[in-house]
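I have placed the structure first, in the form of structure tokens, so that the comments after it can refer back to it.
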Amino acid sequence: MTAKLLVVDDEPRTAELTAELLRRAGYAVEVAASGTEALERIRAASPDLMLLDYDMPDMEAPEVLDTLRSGGARIPFPVIILTGARHSPGDQVLGLERGATDYIVKGTDRQVVLARVHGALRERASAPAAVTRGRLHVDGSRGIARLGERTLKLERRPLLMLQLLANRSGDVVSRAELLEVVWGSSYKGFEHSLEQAVHQIRRELREPGWIETVRGIGYRFVIQP
């Protein structure tokens, strides 16, 4: 089945060049010229992936991501942010914390762009199988986590982090491995995001014993009765 992509950029030429590149790679592509138009298209029919310009006259990418998350715990499809000037580590961290999957600087080699799009779609399709540990059930592919009968409201990366820890129940998973697997980066600036993810997981679980901090190394999942 052909993946449906949405390209969002207020520069018509840039948007069409990106869309044409993706169409030639076999994807079905629609274009939106603003954050507002993108949200309207998504409400009508959710894409399989969105490439989102960071700077637009009506909304910046983090605002679009926040709107997508309102009323739900996570964005149900991968979002890759495209940026010209806003590519400092701080901007990247902000976008990823708001739910983006990846960050690409405009002008990046076309084959790299296609590889990143393909990788994001592949990750979505091959998310690890659901895992159940005691009263906890986590299904990363469906974006669902439950403790007993209670649904946990977790964003994408905290959810994937919880699933990884649960799959490795009893093992100490290093911070470096969590950054590499869940964030796709070894960049130290994301450590704050990792700590925020742990905080969100513990807050939603309401039972701190599930996630144990191993000082100086990482975290361990401990099944609670």
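Quick rundown of the values:
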item: Filtered residue count, the range 37-54, keeping only those that are surrounded by 15 or more Cβ atoms within 10 Å (Cβ to Cβ) and over 14 Å from PRO78 (Cβ atoms); result: 6
item: Count of the range 135-180 residues which are without any contact (Cβ under 8 Å) to a residue 12 or more places away in the chain and either under 12 Å from ALA197 (Cα atoms) or in a loop (DSSP other than H, G, I, E, B) (or both); result: 1
item: Matching option when the condition is crowded, with 17+ Cβ neighbours inside 10 Å and either modelled with pLDDT of 85 or more or touching a Lys or Arg at 6+ places or on another chain (Cβ under 8 Å) (or both), among ARG98, ARG86, ARG124, ARG150; result: ARG98
item: The one condition in (1) small (Gly, Ala, Ser); (2) assigned to a loop (DSSP other than H, G, I, E, B); (3) modelled with pLDDT of 90 or more that SER186 fails to fulfil; result: (3)
item: Residue match in the range 181-193 (condition: in contact (Cβ under 8 Å) with a residue 60 or more places away in the chain and either on the phi > 0 side of the Ramachandran plot or of a type in the set (A, V, I, L, M) (or both)); result: yes
item: Conditions (1) under 23 Å from ILE144 (Cα atoms); (2) in contact (Cβ under 8 Å) with a residue 40 or more places away in the chain: number failed by THR14; result: (1)
item: Members of the range 11-60 that are among the small types (Gly, Ala, Ser) and outside any loop (DSSP other than H, G, I, E, B); result: ALA15, ALA19, ALA28, ALA32, GLY35, ALA38, ALA44
item: Scope the range 101-115; condition surrounded by fewer than 19 Cβ atoms within 10 Å (Cβ to Cβ) and either in a helix (DSSP H, G or I) or at pLDDT below 75 (or both); matching residues; result: ARG110, GLN111, VAL112, LEU114, ALA115
item: Of residues in the range 207-225 being in contact (Cβ under 8 Å) with a residue 12 or more places away in the chain and in a loop (DSSP other than H, G, I, E, B), the one farthest from LEU152 (Cα to Cα); result: ILE217
item: Verdict on ARG202 being outside any helix (DSSP H, G or I), at pLDDT 85 or above, in contact with a helix residue (DSSP H, G or I) (Cβ under 8 Å, 6 or more places away or on another chain) and basic (Lys, Arg); result: no
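The values are calculated or read from the model by the stated rules, or taken from the named source; none is laboratory data. Quick caveat: nothing in here was measured; it's all calculated off a predicted structure. Cβ atoms come from the backbone with ideal geometry, glycine included; neighbour counts cover every protein chain shown.
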